[in-house]
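I have placed the structure first, in the form of structure tokens, so that the comments after it can refer back to it.
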Amino acid sequence: MKNLTFIVGLMLLVLNVVFGLMLSGYHTFNVCVNCGVILINVLLIWLLGVVQLKDGFRISMNVLFPLFAVVEFLSIAFSRPQMEDNGAVIFVLMAILLQVILLMGANHVSKTIQ
């Protein structure tokens, strides 16, 4: 399963770059930021498989994190191609921070409840 996460992530990266080359409205800035979003989300989903979580946390986060990834990807794909004053970039950074906090909190709770 862990290898499958990396394979799917690699395929998504390739597909993102191909779309960036094919679509004139999909700017290089958006392609690069979305590549980062894909890499970070693949890492977070991989961490879900590595960290010892209770089943309730594991199942819910395995549904929640890919949903976060899709929303983050679409936010950047349709945002302005600039870093300055870009609300979508701020939203994505806050969403990634929320995912990290959720993962850390679930890990802490899973360790304390034995």
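The values are calculated or read from the model by the stated rules, or taken from the named source; none is laboratory data. None of the values given here were measured: they were computed from a predicted structure. Here the Cβ positions follow ideal geometry from the backbone for every residue, glycine too, while neighbour counts run over all protein chains shown. Protein only, heavy atoms only, side chains kept; ligands, DNA and RNA dropped before computing areas. Shrake-Rupley method; radii C 1.70, N 1.55, O 1.52, S 1.80 Å.
General observations
- Per-residue SASA remark: M61, around 10 Å² accessible (1.4 Å probe; ligands, DNA and RNA not included).
- Derived scalar couplings ³J(HN,Hα) [the range 48-58; Karplus, 6.51 cos²θ - 1.76 cosθ + 1.60; whole Hz; x for Gly, Pro]: 4, x, 8, 6, 7, 10, 5, 4, x, 5, 4
- Modelled spin-label separation between R80 and L43, with each label point placed 7 Å from Cα along the Cα-to-Cβ direction: 2.8 nm.
- Computed on the Cα atoms alone, the convex hull of the chain gives a volume of 83 cubic angstrom per residue.
- Taking label positions 7 Å along the Cα-Cβ direction at both L13 and V50, the computed distance is 1.5 nm, reported to one decimal.
- Atom-type composition of the exposed protein surface of the chain places 77 percent of the accessible area on carbon and sulfur (1.4 angstrom probe).
- Ordered by solvent-accessible area of protein heavy atoms (1.4 Å probe), largest first, the residues H108, H27 come out as H108, H27.
- Computed FRET value (nearest 0.05) for N62 with C35, which takes r as the C-beta separation and R₀ as 25 Å: 0.65
- Counted residue by residue at 0.36 nm each, then reduced by the alpha carbon distance between them, the extension gain from M22 to F91 reaches 22.2 nm.
- Computed helical MRE - 222 nm, the chain, DSSP H runs ≥ 4 contributing -39500 (n - 2.57), nearest 500: -28500 deg cm²/dmol
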